[in-house]
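One structure is given here, and the rest of the page talks about it.
The values are calculated or read from the model by the stated rules, or taken from the named source; none is laboratory data. Since this is a predicted model, take the numbers as computed values, not measurements. Every residue, glycine among them, receives a Cβ derived from its backbone with ideal geometry; neighbour counts consider all protein chains shown. Note: accessible area is taken over every heavy atom of the protein model, side chains too, but ligands, DNA and RNA are not part of it. Shrake-Rupley method; radii C 1.70, N 1.55, O 1.52, S 1.80 Å.
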Amino acid sequence: MSTDDHPTTDPTSPAATSRPRPPALTRRRVLLAGGGTVLAAGAAAGVDRLAGGNGSLGLLGPDSTPIGPHSPEVLAAERARTRTGRVVRRTLTPGPTTLDLAGRQVDTWAFNATAPATEIRLSSGDNLRLDLHNQLPDPTTVHWHGLALRNDMDGVPGLTMDAVAPGERFDYDFTAPHPGTYWFHPHVGVQLDTGLLGALVIEDPREPLAYDVDAVLVLDDWTDGLGRSPKAILAEQARDGMGSMGSMSSGGSLSATGTATRAQPIGEDTGDVTYPLHLVNGRPPADPYVVHARPGQRLRIRLINAGSDTAYRVAVGGHRLDVVAADGFPVEPVTVDTVLLGMGERYDVLLTADAGAFPIVSRPEGKQDPTGLAVLRTTDTARTPRAEANELDGRLLAYTDLTPTPGATLPPGRPDREHDLSLRMADGGRRWLINGRTYADREPLDVRPGERVRLRMENRSTMFHPMHLHGHTFALSRGARPGVRKDTINVVPRQRLDVDLVADNPGQWLVHCHNAYHGELGMMTSLSYVR
Ligand code: C2O
Ligand code: CU
């Protein structure tokens, strides 16, 4: 083995990421590197296991080759999707624009000059043909968050497509898969923390839920054009890290609940970025978005956390919430007072509207920032309510409260393959790592088509990470019966959390922390189908 092949056992060593890696690294060399890591980590007592997916169930033969985004397997999977024959055409033009936030003029980037973008709504099986025309000064893409779509349309530069250069176009063309609440955003740099985001709703032609009003609420943390720019925040984190947080120990033992408590369900350090405003559907509390309904009507509210560094706790004053879907997939209804959404998560809730005007509050979890506000209004007379709700301190939804409906349950079974994902901070927060590596230096998590795969996530840091897998909806692994289906799941400090998936959508798929800054500072890897 050349020195190039020797992985470092110290994940905080600069050598772990600065070591140049040839782009055309062969599978054999990756495997040798992985094997070396296992031995080295096993030899050092007390050092985290950095097995990088090459644990007992992880090893693949040296002859395996990645199934790329343009492979016949990807085309075959697309052809096998059920189609309605209907075509939905849209154009998205990302570009610089000026938004009016309750009278403040804010320079930012947005799709078609609105933030969030005009919602895209279509039915399961419809064909979306979308013309992306990049008017930004930077390259960009659009990623379809949560969709089990064809891999070459997933919008990840360098993995599934080339970034679209300024002035250039890209034609998205794919079949809409499972019904539910999804969203879209670029997958380049920290563009997500500008106005470049929008909701994508896939309707079920046989919708089992009954409701009168369908409201989509996009929650977003806003700094661009008001406070520091996302690029400046990223540069500062890359230069200075997390300040005092950087010195905190990342040792300690793991457990199923980690450091979660009732008062701090995702731990103590819930975000590093201070936002001047938190928006709901692009509107600040001074000029809130209003959901109109009549008293007694049944509402479906689709909550989407499109923030970059903020988890939101959401409640509707005077109402309880029946949670009916998580990350697009249906669950048996559970009644709670409040839900907490990490970045990238979605919940659909039903409620029966009372008479009056009620605050829909999105409170930044664990932050001192001002709260986000929308209003549910069913009568003309009521005034705008304050951004407060006792329900925020009531019964909070937990993942373990949720059971998928029979049709949405991942069939029980034992994993064919297991991959560990050890999540940690390095260099005082200048870098965030998966299995001791940044994305540029990653060891892909190999899977074969058809396998059942378990991802074993361990949060070895003091901050929560909303971990997101592209192209699949995994199941929370718990006992004999698989739990709630999700594509984004909060892993809290010191927590060990397993998720299971069926490898039924071939290609190359990103796995990453949906904190936009953690992702850019390295906390991403890929789930790589191989043949
Ligand atoms: Cu919202 Cu990599 O995705
Ligand atoms: Cu993170």
*Taking segment 504-528 only, how many residues are within 16 Å of ligand 2 (Cβ to nearest atom) and either in a strand (DSSP E or B) or open to solvent by less than 10 Å² (accessible area, probe 1.4 Å) (or both)?*
13
*Can you pull out the residues in segment 426-448 that are part of a strand (DSSP E or B) and open to solvent by 30 Å² or more (accessible area, probe 1.4 Å)?*
none
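Would you mind stating whether ARG206 is without any contact (Cβ under 8 Å) to a residue 40 or more places away in the chain and either in a loop (DSSP other than H, G, I, E, B) or surrounded by fewer than 24 Cβ atoms within 10 Å (Cβ to Cβ) (or both)? I'd like the intermediate steps shown before the answer.
Working: without any contact (Cβ under 8 Å) to a residue 40 or more places away in the chain: yes; either in a loop (DSSP other than H, G, I, E, B) or surrounded by fewer than 24 Cβ atoms within 10 Å (Cβ to Cβ) (or both): yes.
Taking the combined requirement at face value, the residue satisfies it.
Within segment 96-113, can one find any residue that is within 16 Å of ligand 1 (Cβ to nearest atom), buried (at least 22 other Cβ atoms within 10 Å of the Cβ) and part of a loop (DSSP other than H, G, I, E, B)? Spell out the reasoning first.
Of segment 96-113, the ones within 16 Å of ligand 1 (Cβ to nearest atom) are 111.
After this cut, where a residue has to be buried (at least 22 other Cβ atoms within 10 Å of the Cβ) as well, the list is 111.
Among the residues that remain, those that are also part of a loop (DSSP other than H, G, I, E, B) are: none.
No, the conditions are met nowhere in segment 96-113.
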*Identify, please: which residue in segment 449-483 is crowded, with 23+ Cβ neighbours inside 10 Å, hydrophobic (A, V, I, L, M, F, W, C) and away from ligand 1 (no atom under 16 Å from the Cβ) and is, among those, nearest to the chain's Cα centre (by Cα)?*
PHE464
*asked:* Go through segment 209-239 and report how many residues are within 20 Å of the chain's Cα centre (by Cα), open to solvent by 10 Å² or more (accessible area, probe 1.4 Å) and within 16 Å of ligand 2 (Cβ to nearest atom).
replied: 1
*Kindly indicate the residue of segment 240-268 that is surrounded by 13 or more Cβ atoms within 10 Å (Cβ to Cβ) and assigned to a helix (DSSP H, G or I) and also modelled with the lowest pLDDT among those meeting that condition.*
GLY246
*asked:* I need a count of the residues in segment 325-378 that are assigned to a loop (DSSP other than H, G, I, E, B) and within 30 Å of LEU122 (Cβ to Cβ).
replied: 8
*asked:* Go through (1) under 30 Å from LEU521 (Cβ atoms); (2) open to solvent by less than 10 Å² (accessible area, probe 1.4 Å) for ILE301 and report which single condition fails.
replied: (1)
_Would you confirm, using the coordinates I've provided, whether GLY271 is at pLDDT below 95, open to solvent by 50 Å² or more (accessible area, probe 1.4 Å) and of a type outside the set (Val, Ile, Thr)?_
no
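Taking segment 142-159, which residues are part of a loop (DSSP other than H, G, I, E, B) and either among the hydrophobic types (A, V, I, L, M, F, W, C) or within 11 Å of ligand 1 (Cβ to nearest atom) (or both)?
Going through segment 142-159, the residues part of a loop (DSSP other than H, G, I, E, B) turn out to be 142, 146-150, 154-156, 158-159.
The answer is VAL142, GLY146, LEU147, ALA148, LEU149, ASP154, GLY155, VAL156, LEU159.
Taking the condition of being in a loop (DSSP other than H, G, I, E, B) and open to solvent by less than 10 Å² (accessible area, probe 1.4 Å), how many residues in segment 493-503 meet it?
In the first step, residues of segment 493-503 are kept if they are in a loop (DSSP other than H, G, I, E, B); the result is 493-494, 503.
Within this subset, residues satisfying the condition of being open to solvent by less than 10 Å² (accessible area, probe 1.4 Å) are 493, 503.
Counting residues in segment 493-503 that are in a loop (DSSP other than H, G, I, E, B) and open to solvent by less than 10 Å² (accessible area, probe 1.4 Å) gives 2.
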*closer than 22 Å to HIS514 by Cα and buried (at least 20 other Cβ atoms within 10 Å of the Cβ) - does that describe any residue in segment 381-401?*
yes
*Return yes when PRO411 is in a loop (DSSP other than H, G, I, E, B), at pLDDT below 95, open to solvent by 30 Å² or more (accessible area, probe 1.4 Å) and not polar (S, T, N, Q) and no when it is not.*
yes
*Looking for whichever is in contact with a helix residue (DSSP H, G or I) (Cβ under 6 Å, 6 or more places away or on another chain) and farther than 25 Å from GLU203 by Cα here; the options are ASP337, ASP287. Which one fits?*
ASP337
*Could you tell me whether ALA199 is away from ligand 2 (no atom under 16 Å from the Cβ) and over 27 Å from TYR275 (Cα atoms)?*
no
*Within segment 436-446, identify whether any single residue is over 28 Å from THR181 (Cα atoms), more than 15 Å from ligand 1 (Cβ to nearest atom), acidic (Asp, Glu) and touching a Pro at 6+ places or on another chain (Cβ under 9 Å), and answer yes or no.*
yes
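Do we find that LEU455 is more than 13 Å from ligand 2 (Cβ to nearest atom) and either under 25 Å from PRO506 (Cβ atoms) or part of a helix (DSSP H, G or I) (or both) in this structure? It would help to see each step written out before you state the result.
On the way: more than 13 Å from ligand 2 (Cβ to nearest atom): yes; either under 25 Å from PRO506 (Cβ atoms) or part of a helix (DSSP H, G or I) (or both): yes.
Yes: the conditions hold for LEU455.
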*Kindly indicate the residue of segment 175-194 that is within 16 Å of ligand 1 (Cβ to nearest atom) and assigned to a strand (DSSP E or B) and also farthest from ARG83 (Cα to Cα) among those meeting that condition.*
HIS185
_Suppose we keep only residues that are among the hydrophobic types (A, V, I, L, M, F, W, C) and open to solvent by 10 Å² or more (accessible area, probe 1.4 Å) within segment 161-189. Which one would you say is nearest to the chain's Cα centre (by Cα)?_
VAL188
